[in-house]
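The structure appears right after this line, and notes come after that.
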Amino acid sequence: MEHLADLVDLYEYRVEDLAAGRTPKGGKRALLQLRAFLIQTRLPGPLAKRFRQADARFKALRQSPNPPPPVETPSPDFPAQALEHLEEPTPKPSPLRAIALKVWHLLAEREAKARAKDLLTGRREELRLIHAFLQNYLEYREKETFKRDFNLSRFHPTHPIPSLSDSLMDLEDPKVAEALVMEFLETALHLPQDLPLPPEETRTYIRRFLNRILEWDDAYGLPPKRDLMPLKKALEEAKRLGASALEIARLEERLRKEAQEERRRELLLEEERRRFRVALEKVIALLNLLPTPQGETPWPRVPEPGQGEESLLTLPLRPGRIPLGPLTLTLSQVEGTWHLGLGGEDYVLEDTLVIPWEDLEVLAVRERDLLHLRLEARSGIRLYELLAEGRMLALLLSPNQDYIYLRLLRALYARLKGEFSPQAFGPELAEKYRQAPWEALQDFARKVLKLALKRLGGADPTPLLKEVGQALGQEREALVLAEALREYLGRRPPTRETLGGEVHLLSIGAEPLALKVGQTVLSLRPRNAPSGDPQEDVLYVGQAGEIPQRLKDLLVYRLSEGTVILAREGRRLAYLVMENP
C-alpha cells in the first residue's frame with residue numbers, strides 16, 4: 001500500500017512538471033511507463049481517485065490548445081521532437097462536439113464494462129494481447145521513426161505478451177479488464193492525433209500492429225529456438241574421424257532429443273499463434289465501439305442549447321429546476337461550485353456526472369457554460385434490447401410484398417435445418433399472416449427470429465439469405481434482411497444512438513398515459529393484476545375507435561404515420577417511432 005502511494009505521488013509530481021513546462025524526471029518515456037503500470041494495477045479507492053485526477057490532467061495537457069512554454073534544454077530521455085509533438089496546439093473543438101465526446105466516453109465505459117466480462121474467461125488471450133499492444137505502442141510512439149512508419153516496416157516489438165500468471169497483472173479482476181479495454185479504446189481514438197493518419201485507417205493500422213506482435217517468435221514466452229547445427233556438425237566430425245560406435249550413438253541420441261524438443265516448441269508456437277489470432281479478431285471487434293468514422297458507433301446526439309426532447313437536453317448553465325422525462329432535477333451554485341440535485345440529494349457537477357435513479361440513470365456533461373443532460377436506461381435493464389428486437393420485428397411484420405421479410409426469415413431457418421423447399425414459402429403464406437391476430441403474429445415472428453438466430457450462431461447471414469432469396473426470386477429483399485440482421489447482431493449492447501431513433505422513457509402509474517404520434521394519439525391504459533403485484537399489471541395500447549392491444553414486454557404498433565415500438569420492464573416504459581418499412 002505504501003509502495004503504491006509513493007508511485008501515485010511520483011506520477012502526480014511528473015504531471016505537475018509537465019504542466020509547469022518542465023521536463024519530468026526520467027523523461028516522458030518513464031512517465032508513460034509509470035502511467036501504464038498504474039493503469040493495470042489494482043489501486044485502493046483513495047489512490048485510484050488521485051490517479052484518475054492526475055491522469056485526467058495529463059490527458060488534458062496532451063490535448064490542450066494552450067500548451068505550457070517549451071523547455072529550453074530537454075533531457076536526452078525526453079527528445080525535443082517528442083516535446084514539440086506534445087506541445088503542438090490542436091484545433092479547439094466546438095462545445096457541442098466536446099460534449100458529444102464526453103458522452104461517448106461515459107457510454108463507452110459502460111459498454112467496456114459489459115465487454116470486459118466476456119473477456120474474463122479461459123486464458124484471457126484478448127486482455128493479454130491488449131496489454132502487449134499498449135506497452136509496445138506507447139514505447140514505439142516515442143521513437144523518431146514512428147511518425148513516418150505507416151506500414152510498420154521499422155517496428156520491432158520489445159514487449160512480449162504477458163503470461164496468464166504475470167505477477168504485475170491481476171487478470172481475474174474485472175476492474176483491471178475494464179481499464180485495459182478503455183485504455184485500448186482511448187489509445188485508438190487518439191491515433192489520428194499521434195499520426196498523420198485518416199481516422200478511417202485506425203482499424204487497419206492497429207490490425208497491422210497486432211499482427212507484427214504475433215509474428216514475433218519471442219512474443220509468447222516460449223524457450224528460444226534451438227540451434228541444431230553445432231550438434232549435426234559434431235556428429236559428422238565424429239563419423240569422419242572414426243569415433244567409437246558408443247560416442248556416435250550418444251551424439252545421435254542427443255541430436256534426436258534436441259530435434260524433438262525443437263519440434264515440440266514449434267508446435268506450441270503454432271498453437272499459441274492460432275489462439276492469439278482468434279483473440280486478435282475479438283480485439284479488433286472492440287474498435288466498433290469507437291465513434292464514426294473510426295468505429296461503427298454513431299456520435300451521441302447533442303441538441304443545440306434550448307432544444308431537445310423530454311429525455312435529452314442541452315441548456316445554459318443557470319440555477320433552476322430542470323424537467324427531464326419523469327424526473328425533476330435542480331441546478332444550483334454554492335461558493336463557485338455547481339451542484340445537480342435529484343431526489344433530495346445534491347451531487348457535485350464537474351465535467352461529467354452519472355446519477356443512478358431506480359432503473360434509470362442521468363448522464364450530466366458540462367462544457368464551459370453549457371450543460372447536457374440525458375436520461376438513459378441502466379446497463380442491467382432490458383428496455384434497449386427489447387427496442388432493438390422491436391426494430392427487427394417491425395421489418396418482419398411489414399405486409400409489403402405479401403410479408404416477404406417474414407417469409408425470407410422462415411426460409412432461412414428451414415435452410416439452416418436442411419429442409420428448404422422454395423414452394424413452401426410462396427406468397428400464399430401471406431393469407432395466413434393476414435388472418436392471424438396481431439398479438440399471435442408478433443409472437444410467431446419473435447419465435448422464428450429467436451430460432452433462426454440460434455441456428456445461425458453469430459455467422460454472417462448474407463450467403464444463405466442470398467441463396468434463399470434467389471430461390472424465391474427476391475434477392476434484393478433478402479439482402480435488405482441480411483443487412484438488418486447483421487446490424488441487430490452487431491449492436492450489442494444497443495444504445496440510444498444505435499437504435500436509430502429518439503428513445504422516450506416513461507413511468508407507468510395508475511393513470512392512463514397519452515402518446516402523440518403525428519396526428520394520432522395513442523392511449524396507454526393500465527389494468528391492475530388480481531394478485532396486486534404491480535409487476536404483473538396489464539397495459540393496453542390503442543386509439544379511439546379500435547380494439548386496444550395488450551403490451552406484455554414488447555409491442556410493434558403500426559400507424560399510417562410510422563411504426564411505434566413499445567418496450568416494458570416492470571414500471572418502466574420505453575418507446576421510439578420509426579418509419580414504416
| If we keep just the residues of region 454-477 that are under 15 Å from M392 (Cβ atoms) and surrounded by 18 or more Cβ atoms within 10 Å (Cβ to Cβ), which is nearest to the chain's Cα centre (by Cα)? | P461
| request: Select from region 70-120 the residues that are closer than 30 Å to P305 by Cα and not in a helix (DSSP H, G or I) and write down the one among them that is modelled with the highest pLDDT. | output: S94
| Here are T292, T297: which of them is β-branched (V, I, T) and open to solvent by 30 Å² or more (accessible area, probe 1.4 Å)? | T292
| said: Can you tell me which residue is farthest from D351 (Cα to Cα) among those in region 38-69 that are modelled with pLDDT under 70 and part of a helix (DSSP H, G or I)? | reply: Q40
| field | Residues (touching a helix residue (DSSP H, G or I) at 6+ places or on another chain (Cβ under 8 Å) and within 30 Å of I547 (Cα to Cα)) located in region 439-473 | value | L441, Q442, A445, R446, V448, L449
| Checking T314 against (1) modelled with pLDDT of 90 or more; (2) open to solvent by 30 Å² or more (accessible area, probe 1.4 Å); (3) within 23 Å of Y575 (Cα to Cα), the condition it does not meet | (2)
| message | Conditions first: (1) open to solvent by 50 Å² or more (accessible area, probe 1.4 Å); (2) modelled with pLDDT of 85 or more; (3) closer than 30 Å to L313 by Cβ. H156 passes all but one, so which condition is the exception? | response | (3)
| task | Give L191, L214 a once-over and let me know the one that is modelled with pLDDT of 90 or more, among the hydrophobic types (A, V, I, L, M, F, W, C) and under 30 Å from T495 (Cα atoms). | result | L191
| Single unsatisfied condition, R368 versus (1) on the phi > 0 side of the Ramachandran plot; (2) free of Cβ contacts under 8 Å to residues at least 24 places away in the same chain | (2)
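Residues A424, A388, A440: which one is assigned to a helix (DSSP H, G or I), on the phi < 0 side of the Ramachandran plot and open to solvent by less than 30 Å² (accessible area, probe 1.4 Å)?
Just one listed residue meets the conditions, A388.
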| query | Has region 352-366 got at least one residue that is outside any strand (DSSP E or B) and more than 30 Å from P437 (Cα to Cα)? | reply | yes
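Determine whether D402 is touching a residue at least 24 places away in the same chain (Cβ under 8 Å) and open to solvent by 10 Å² or more (accessible area, probe 1.4 Å).
yes
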| request: Using the structure shown, decide if D369 is over 25 Å from the mean Cα position of the chain (by Cα) and within 30 Å of L342 (Cβ to Cβ). | output: yes
| said: So the check is Cβ under 7 Å with 6+ separation or different chains; which pairs have a first residue in region 21-47 that's farther than 20 Å from K143 by Cα and open to solvent by 20 Å² or more (accessible area, probe 1.4 Å) and a second one that's at pLDDT 75 or above and in a helix (DSSP H, G or I)? | reply: I39/A179; I39/E183; R42/K175; R42/V176; L43/F51
| query | Name the residues in region 336-353 that are under 14 Å from L324 (Cα atoms) and either in contact with a helix residue (DSSP H, G or I) (Cβ under 8 Å, 6 or more places away or on another chain) or of a type in the set (G, A, S) (or both), would you? | reply | G341, G343
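Quick check on region 418-434. Is at least one of its residues among the hydroxyl-bearing types (S, T, Y), under 25 Å from T563 (Cα atoms) and modelled with pLDDT under 90?
Checking region 418-434: not a single residue is among the hydroxyl-bearing types (S, T, Y), under 25 Å from T563 (Cα atoms) and modelled with pLDDT under 90.
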| field | Given (1) touching a strand residue (DSSP E or B) at 6+ places or on another chain (Cβ under 8 Å); (2) among the basic types (K, R); (3) open to solvent by 20 Å² or more (accessible area, probe 1.4 Å), number of the condition R374 does not satisfy | value | (3)
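The values are calculated or read from the model by the stated rules, or taken from the named source; none is laboratory data. Worth saying up front: this structure is predicted, and the values here are computed from it rather than measured. Cβ: placed from backbone, ideal geometry, glycine included. Neighbour counts: every protein chain shown. What goes into the accessible areas is simple: the full protein's heavy atoms, side chains included, and nothing from ligands, DNA or RNA. Shrake-Rupley method; radii C 1.70, N 1.55, O 1.52, S 1.80 Å.
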